[in-house]
Protein chains: 2
Amino acid sequence: MANSTSTSDGLLAEPKTLVESAYRALRRDIIEGHLAPGEKLRVEHLKDNYGVGAGTLREALSLLISDALVVSQGQRGFRVAPVSLEDFEDITQTRVMLECEALRQSITMGDDAWEADLLAAFHRLTKAEEKRIGSDDREEWEERNRIFHEVLIAACPSRWLKHFLSILYQQAERYRRLSLYLQPIPRDIHAEHDALLQAAMSRDAEKATALLGEHILLTFRSVQSIPKDQLNEKLAA
Amino acid sequence: MANSTSTSDGLLAEPKTLVESAYRALRRDIIEGHLAPGEKLRVEHLKDNYGVGAGTLREALSLLISDALVVSQGQRGFRVAPVSLEDFEDITQTRVMLECEALRQSITMGDDAWEADLLAAFHRLTKAEEKRIGSDDREEWEERNRIFHEVLIAACPSRWLKHFLSILYQQAERYRRLSLYLQPIPRDIHAEHDALLQAAMSRDAEKATALLGEHILLTFRSVQSIPKDQLNEKLAA
DNA sequence: GTTTTTAAAAATCTCGAGAAAAAGTATTGA
DNA sequence: TCAATACTTTTTCTCGAGATTTTTAAAAAC
């Protein structure tokens, strides 16, 4: 469903417990790069920052392992999952494969309600794009972009496919942040989304998957073309 | 690599901590059906069974969410992930798609060492099959079967593809246990594996993926054809 | 007899403190 | 000066107890 309140809960619903709050706060800080890739996550240190007990924080970190945003190692604590260009390439290729298949199924199975949801999601994304000119309201655009992609494949009946894609999308978000700040390749993302929408609405699966694949690949190329020194600087931040 | 000591650590290495031990013990009990699908996992009750503290058990349960073997719900504790025929069908179809793609890549990329590993894995599996006649040494066969499938796609360079496949394999194992006990469809699994091996060794990707797809699908059909009352009985056990 | 309210019981969630292990530092010996 | 050892500090891991919340059961009201 194109539920606008849905907030990418990889795992959990609204933060009714402290574990969930800490989980969300940590996830956000990792995706936004506030906690650097590879950084050590000392429980005793972090528990104060997030205002929870040690056990609670450990549990939140354990949940983040599901999203492959945190790694743990025996008796040596937790770390932020590392990043690399090779990893992003793998994420991109796997995502192209899965998301194109999901889109194909979604276009086949989608009914009128799906079309309506898709149109609505695109409209909301467009509005966010207009507002974003100047003001750095990145969060809202990022969220609506996620929902647009989610609705595109919403009519795909495979829960597992969608589950894996939500993980990959989240992973890609870590890298995508870079490409939007240091964008060397001029790109009309709105036009890409628009073409994608038209192809999906006219049930042209071949065209839609081709566009989607290119759309996803472009983000990788964008990051790929960032000079290495500049990239490392950003990654360490 | 065809490391025979590898033990399907979805997430963790050797149990150096109590969390890891509990994680493994719980995972095993869920996959083997000792903890029934949908069953409530009361921490206060379970902590005695597994000989750990409440916090430690909670952490182990959190890790099992990664494997989609446990689900949690806000302020209402943990449960064993439910099962259904629809879910198994989804698992099967997704797995066929991913594993065939991974095999195709593996056949393309695999070198001599890969061939040797594959041959060795097949040999070990065969030996386990011979030993299994009569004696209920299911564990060893199950483990070697897993390794055979793992080695088949070991030369595939995509870590994410292999990561997702290890999750799906583990999920399928829950259902596969049923088909082997209540097998209505007569099946020569050894012959299937043998044909698969030959196709892979001769680098015939088309044939190999066709065989692999059929191989995976057959297990689903086998479970599908079990009478519903008999199935539910087993699932509740 | 059914529903609502109220109270007891159980379970979850949370924290702080203590034991075990790792990492870092200083000391000793060549 | 360098390497190895012993010591100190830090960090991880673990447990038990207390505070909320949910669930269950009983009593009251309609």
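So how many residues does the stretch B:65-87 have that are within 17 Å of the chain's Cα centre (by Cα) and not acidic (Asp, Glu)? Reasoning before the result, please.
Looking only at the stretch B:65-87, we keep the residues that are within 17 Å of the chain's Cα centre (by Cα), and these are B:65-70, B:80-85, B:87.
Narrowing further to those that are not acidic (Asp, Glu): B:65-66, B:68-70, B:80-85.
Counting residues in the stretch B:65-87 that are within 17 Å of the chain's Cα centre (by Cα) and not acidic (Asp, Glu) gives 11.
Condition (residue is near DNA strand D (Cβ under 9 Å from one of its atoms), assigned to a helix (DSSP H, G or I) and either within 11 Å of chain B (Cβ to nearest Cβ) or modelled with pLDDT of 95 or more (or both)) applied to the stretch A:61-75: is it met by at least one residue? Show your work before the answer.
We begin by selecting, within the stretch A:61-75, every residue near DNA strand D (Cβ under 9 Å from one of its atoms); these are A:61, A:72-75.
Applying the additional criterion that residues be assigned to a helix (DSSP H, G or I) yields A:61.
Still in the list and also either within 11 Å of chain B (Cβ to nearest Cβ) or modelled with pLDDT of 95 or more (or both): A:61.
For the stretch A:61-75, residues near DNA strand D (Cβ under 9 Å from one of its atoms), assigned to a helix (DSSP H, G or I) and either within 11 Å of chain B (Cβ to nearest Cβ) or modelled with pLDDT of 95 or more (or both): present.
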What pairs come up if the first residue lies in the stretch A:51-69 and is among the aliphatic types (A, V, I, L, M), the second is within 7 Å of DNA strand C (Cβ to nearest atom) and part of a helix (DSSP H, G or I), and their beta carbons are under 7 Å apart, counting only those six or more places apart or on different chains? A:52/A:18; A:60/A:19
Filter the stretch A:22-50 down to residues that are away from DNA strand D (no atom under 12 Å from the Cβ) and free of Cβ contacts under 8 Å to residues at least 24 places away in the same chain and give me whichever is nearest to the other protein chains (Cβ to nearest Cβ). A:24
Tell me which residues, restricted to the stretch B:159-199, are of a type in the set (Phe, Trp, Tyr) and modelled with pLDDT of 95 or more. B:160, B:164, B:169
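Considering only the stretch A:205-233, how many residues are in a helix (DSSP H, G or I) and surrounded by 14 or more Cβ atoms within 10 Å (Cβ to Cβ)? So that I can check it myself, show each step before the final result.
First, the residues of the stretch A:205-233 that are in a helix (DSSP H, G or I): A:205-224, A:228-233.
Filter once more, keeping what is surrounded by 14 or more Cβ atoms within 10 Å (Cβ to Cβ): A:205, A:207-224, A:231.
Total satisfying the criteria: 20.
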Being at pLDDT below 95, surrounded by fewer than 16 Cβ atoms within 10 Å (Cβ to Cβ) and not assigned by TED's automatic domain parsing to the domain that holds residue A:39 is the requirement here; does residue A:202 meet it? no
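The values are calculated or read from the model by the stated rules, or taken from the named source; none is laboratory data. All values derive from a computational prediction rather than experimental measurement. All Cβ positions, even for glycine, are placed from backbone atoms using ideal geometry, and neighbour counts span all protein chains on display.
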